[in-house]
Every structure is written in structure tokens, then in C-alpha cells.
Amino acid sequence: MTGPDSGPLAGRTVVVTRATDQAGSLACALRDRGATVVELPVIAIVDSADEGAALIAAVERAVDGGYDWIVVTSPNGAHRVVDAFRGRPFPGRIAVVGPKTAEPFLNTGQVVDLVPARALAEGLLAEFPAPTNGVASRVLLARAETARDVLPKGLRAAGWAVDVVVAYRNVAPEVDPEVLVAAATADLVTFTSESTVHRYHGLLAGPSGSSVAPVDAACIGPISAAAARSAGHRVVEADSHSVAGLVDAVEAWAASVGDIAD
């Protein structure tokens, strides 16, 4: 958990709360800029409770032309959807929430038809086209077991028939007590989702259920930022909803500590 002695983040201790298999790029970028990084994975990504059976069945229907669109909201979901296709083409169209979610499809030669300008469910919904085939217009939405209802509600309100399938789950991992101690005394914590905010506070809660005094937080987007503010953090939000944008936000925080808007 040590970083170089120089760089814009030298002398700062930053907590990375992403799952272990996703934390590498963010942690390395922060260390390269001089930060001491505490890796506190507050979530672990695992298969759905049915071990992917419902997703595989839905993809089989998609291959047979049962859906006009497949909508995927995270790279975790995208990898599992691509695996379920087993190299077979999808006869419909694909929409994803952002460029990172598009990559698993693009890497296998699939065409991604819609990547919204804003990498949010709201951004995807704002750019999603209206149905053209009446009651036959169907969408397969592959996502985490626990997720906001913005997309399914919005798509149904627009006239689409939506099937929601669980592609993966976010679960609480075992955490080293020494890492918790280091995280509790850090200068800044990074959040990449609403669930990471809640899990972080659950892990750091005291015996009475009260959490530690919130440190400053850098958030990847408005949803995680709103959750962090509600939990009492002073927040700096990434301009672009990406790891690169989050790193820029951390640098901005370091340059203006004590002058962050609540």
C-alpha cells in the first residue's frame, strides 16, 4: 500500500473500493501519481444464483430473433452476455451504457448500435429509440441482481416490452481487518457505484452501527455522488464517467483540498 514519493497525489492516502478484479487500473493510476492506495474491495462480482441459466436461456431466445434489442448496463454484464452468445451473431441491435460496456461486444465482432453520450441509465434512456413494431417490440435487459429501475420503467413507459435477466450479483467479500483500519484513516475514498458507498459504510460501521466520520470522496458519476453526499461526504465528481475521469477528479481534489463544494 505504498506509492512513489512524488507526483500530484504524493502524501495522500486514497481508498479504492472497486471489486478486486476491477480495481487494478484505478489503483495503478493513483499510485503512478504518488498516492498511497488502500485497496478495500467492498463488493465481489459473482454469477447469478442460477449460475447463468436464465441468461443463457434469454440469449438463446435472442439468437432465434426473440428480441429487437439487447441492453447491457455494465462490463460485468457484457462479458457474461458475450460468453452466452458463444460467437453467434445477434440478429437485433445492441445498446450499452458506456464505452467500457461496449468493449466485450466489439472485441468479438458484434456491432454496438447505441452508446449514449452520458454513461448513465438516464443517458441511455434519453437516446433510446421508440418501438416500431407495436406489441412485438421486445428488449432484453441484462444487468446486476440489484439495480435501479430507471431503465426497465422508462423503456416500458416508452412502449417497449422488457424482459429483465440477472447477469451477475454484487456480494460482500471478506475484508482484512488491517485494511479496514487503514481505510478509516485515509484522506479520500473513491466510489464507482451507489452500492460501493453503502457497502463501505456497512464495513466501517462501529459497534453501535454508527459509521466513521466520512472522509472526502471522489465519485465516478452523479448516482454514486448523490449517495456519498447523503452519507455525509464532501464530494468531487468525475467530469467523464470513467476511470480516467475519476483519476482526474482525485487530482482536482488534491489540488484544492479544503476548497471542495459540499
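The values are calculated or read from the model by the stated rules, or taken from the named source; none is laboratory data. What you are looking at is a predicted structure, and each value in this text was computed from that prediction instead of being measured. Don't worry about glycine lacking a Cβ; one is built from the backbone with ideal geometry, like all the others, and counts go over all protein chains shown.
Taking the residues in the stretch 107-125 that are more than 19 Å from the chain's Cα centre (by Cα) and surrounded by fewer than 16 Cβ atoms within 10 Å (Cβ to Cβ) as candidates, determine which candidate is modelled with the highest pLDDT.
Asp113
Based on this model, can you work out whether Ser6 counts as out of contact with any Ser or Thr (no Cβ under 8 Å at 6 or more places or on another chain), touching a residue at least 24 places away in the same chain (Cβ under 8 Å) and exposed (fewer than 15 other Cβ atoms within 10 Å of the Cβ)?
For Ser6, the condition - out of contact with any Ser or Thr (no Cβ under 8 Å at 6 or more places or on another chain), touching a residue at least 24 places away in the same chain (Cβ under 8 Å) and exposed (fewer than 15 other Cβ atoms within 10 Å of the Cβ) - is met.
Residue by residue, here is whether (1) surrounded by fewer than 17 Cβ atoms within 10 Å (Cβ to Cβ); (2) hydroxyl-bearing (Ser, Thr, Tyr); (3) modelled with pLDDT under 90 holds:
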{"position": "Leu151", "(1), (2), (3)": "no, no, no"}
{"position": "Gly154", "(1), (2), (3)": "no, no, no"}
{"position": "Ala157", "(1), (2), (3)": "yes, no, no"}
{"position": "Val162", "(1), (2), (3)": "no, no, no"}
{"position": "Ala186", "(1), (2), (3)": "no, no, no"}
{"position": "Glu194", "(1), (2), (3)": "no, no, yes"}
{"position": "Ser211", "(1), (2), (3)": "yes, yes, yes"}
{"position": "Ala228", "(1), (2), (3)": "no, no, no"}
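Return yes or no: is Arg80 crowded, with 19+ Cβ neighbours inside 10 Å and touching a strand residue (DSSP E or B) at 6+ places or on another chain (Cβ under 8 Å)?
Judged against the criteria, Arg80 is a match.
Given the residues Gly202, Gly154, which is the only one that is assigned by TED's automatic domain parsing to the domain that holds Ile223 and of a type in the set (Gly, Ala, Ser)?
Gly202
Hey, Asp32 hits all of (1) under 30 Å from Ala184 (Cα atoms); (2) within 17 Å of the chain's Cα centre (by Cα); (3) of a type in the set (Asp, Glu) but one; which does it fall short on?
(2)
Does the stretch 167-190 include one or more residues that are in contact with a helix residue (DSSP H, G or I) (Cβ under 8 Å, 6 or more places away or on another chain), within 20 Å of Ser240 (Cα to Cα), in contact (Cβ under 8 Å) with a residue 12 or more places away in the chain and part of a helix (DSSP H, G or I)?
The answer is no; no qualifying residue exists.
Considering only the stretch 6-18, state which residues are closer than 16 Å to Leu246 by Cα and of a type in the set (A, V, I, L, M, F, W, C).
Of everything in the stretch 6-18, those that are closer than 16 Å to Leu246 by Cα and of a type in the set (A, V, I, L, M, F, W, C) turn out to be Leu9, Val14, Val15, Val16.
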